[in-house]
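Visitor: So that we are looking at the same thing, I have put the structure below in structure tokens.
Please treat every number below as a calculation from the coordinates, not as lab data. It should be emphasised that the depicted structure is a prediction, and the values quoted were computed from it without experimental measurement. With ideal geometry, Cβ positions are generated from the backbone for all residues, glycine too; neighbour counts draw on all protein chains shown.
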Amino acid sequence: MLVALASAKGSPGVTTTARVMASVWPGGAVLADADPAGGDVAFVARSAQGGGPLDPDRGLLSLAVEARRGVEGVSLDPHLQVTDGGLPVLAGIARPDQVAGMGPVWPAVGSVLAAHPGDVVVDVGRLSVGSPVLPVVAAADALVLLVRPRVEAYAHLRERLAWLASLGTAGAFPSVGVAVLTDARDSRSSRELADLLAHSGLAVPVIGTVAEDPRAADVIGGRKDRPVARSLLVRSVRQLTTVVRSVRVDARDRGALR
């Protein structure tokens, strides 16, 4: 299963949520860093081999080089690195010129990620019109958009969902859901957002919340060192993961947002 995580605007915890989701995924999952604005994983994660930094040239960049020759026989495995926590990751791109050079290869990257025999959680960053990672999103089984409970954030989300709906009518596209990044005690925001989307004629479910947990986020981001397995952040993402894993897209149904 290939799951894409994105935002409509800003940085509402997509990278942190993606890393936690891949870490708590039952049976394990690969974390792919495909944010075209620049990947973070290679900078904050440490390698399981000696605890040094990850190799920025081994990951999305090396996969793109191989995929230029065609995707037949291309495996994701040689391009993965394992972090000191045991998480297999596909390190992202660091420089803007590398992103520009990957333009024609994104569809091939999406195909390789989707064909991986295991589950993959991919961080695609901010999703906008003209985003180079759209082929990766289109190859996914599920797309989860994260949003903070703010008026302006909801406005951008609504516009982005309407745009995605138009893409869905043109061909295969993943199931789409929304998760709200908010206080763990906040249950009202999800209900209000669901009502707003329904009133706007957008048949996109609000599938859960991600707890606003700065301390745990600092650990995931490599800024602090403390146990987080029982944190509000990890527990909320674990619940969200259960919902996401229930999505199994029938090829005949792809193209409808539901």
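Visitor: Given contacts defined as C-alpha pairs under 8 Å and at least six residues apart, what's the relative contact order of the stretch 2-245, whole-number percent?
Guide: On the way: 463 pairs, mean separation 60.3, N = 244.
Relative CO of the stretch 2-245 lands at 25 percent.
Visitor: Can you list the trypsin sites (Lys or Arg not before Pro) in the stretch 42-89 that are in a DSSP coil and have 10 or fewer other beta carbons within 10 angstrom?
Guide: Values: sites: 46, 58, 68, 69; in loops: 58, 68, 69.
Passing sites in the stretch 42-89 are 69.
Visitor: Along the positive direction of the dipole of the chain (beta-carbon charges: Lys, Arg +1; Asp, Glu -1; about the Cα centre), which of 8, 154, 83 reaches farthest?
Guide: Among 8, 154, 83, the one farthest towards the positive end of the dipole of the chain is 154.
Visitor: Shape verdict for the stretch 126-212, please, from the Cα gyration tensor: rounded (a/c under 1.5), prolate (a/b greater than b/c) or oblate.
Guide: Values: a/c = 1.94, a/b = 1.67, b/c = 1.17.
The shape class here is prolate.
Visitor: Evaluate the distance, in nm, between pseudo-label points positioned 7 Å from the Cα of residue 196 and of residue 71 along their respective Cα→Cβ axes.
Guide: Here the answer is 3.5 nm between the modelled labels.
Visitor: Taking amide hydrogens as modeled 1.01 Å from N in the peptide plane, which residues meet the under 5 Å criterion relative to residue 119, leaving out close sequence neighbours?
Guide: 30
Visitor: Run the dipole for the stretch 2-245 about the Cα centre, Lys and Arg Cβ at +1, Asp and Glu Cβ at -1, nothing else charged, and hand back the magnitude in debye, nearest 20.
Guide: Details: 23 positive and 23 negative charges, 109 e Å.
About 520 debye.
Visitor: Which option, (1) 12.4; (2) 15.3; (3) 13.1, is the value of mean projected area of the Cα convex hull in nm² that was calculated from these coordinates?
Guide: Answer label, from the structure shown: (3).
Visitor: Need one number: the % of Cα-Cα pairs in the stretch 1-73 sitting beyond the 21 Å mark. Mind dumping the intermediate values first?
Guide: Numbers: 971 of 2628 pairs.
Percent of Cα pairs beyond 21 Å in the stretch 1-73: 37.
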